[in-house]
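Before any comments, here is the structure.
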Amino acid sequence: MRLTDNDFQLFGLPERQVQDRAAIDARWKALQAEVHPDRFAADGAAAQRVAMQWAMRVNEAYQRLRDPLARAAYLCELRGAPVQAENNTQMPPAFLMQQMTWREALDDAADEASLQALDDEAARAETAALERARTLLDEAGDAPAAASQVRALMFIQRFRADIDKRLAALDA
């Protein structure tokens, strides 16, 4: 293990989108047991600082690998197609139209049933976009197209969070 290893190397996983969450969790626990600063208490402050760096690195990798969206974005970056969501908002025209339709539907939604129906639709779109990203990354090897899917997924997740806020406001 080296601090410069990518997350997949660090966890001993293949560089692909499809991963077994239980394997990721198990490897995280094993790595944490190896690098936890408490294991190095008798070795002095310097050893504990190094162990702390390792523990932080393992946790950072775990956060990316366990989340399918973060993992897809990371794979795009590793393959030379960073998502750059903050300054690249290019989306297919059909998805832009879908965004507008969803936003209008959210503005018009007045009750829990309509909000839940909208969330269900967005959840299906999220599942489909994640599958498209997986296909582009694991089968087609098209990281730039996968990065576009990741940007779409980011929008969908933000949109679903907005729906959750509206649902919570109804309960208040």
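The values are calculated or read from the model by the stated rules, or taken from the named source; none is laboratory data. If you're wondering where the values come from, they're calculated on a predicted model, not measured in any experiment. Neighbour counts are summed over all protein chains in view; Cβ atoms, including those assigned to glycine, are modelled from backbone coordinates with ideal geometry.
Below, the figures for the structure above:
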| read-out | value |
| --- | --- |
| Qualifying position, being part of a helix (DSSP H, G or I) and free of Cβ contacts under 8 Å to residues at least 12 places away in the same chain, among 145, 122, 133 | 145 |
| Residue within the range 98-114 that is in contact (Cβ under 8 Å) with a residue 60 or more places away in the chain, farther than 14 Å from residue 167 by Cα and surrounded by 10 or more Cβ atoms within 10 Å (Cβ to Cβ) present | yes |
| Residue that is nearest to residue 71 (Cα to Cα) [pool: residues in the range 1-59 that are basic (Lys, Arg) and outside any helix (DSSP H, G or I)] | 16 |
| Considering residues of the range 14-32 that are among the polar types (S, T, N, Q) and under 23 Å from residue 132 (Cα atoms) only, the residue farthest from the chain's Cα centre (by Cα) | 19 |
| Single unsatisfied condition, residue 71 versus (1) among the basic types (Lys, Arg); (2) over 30 Å from residue 166 (Cα atoms); (3) touching a residue at least 40 places away in the same chain (Cβ under 8 Å) | (2) |
| Some residue of the range 100-111 being in the same structural domain as residue 146 (by TED's automatic domain parsing), at pLDDT 95 or above and closer than 24 Å to residue 134 by Cβ | yes |
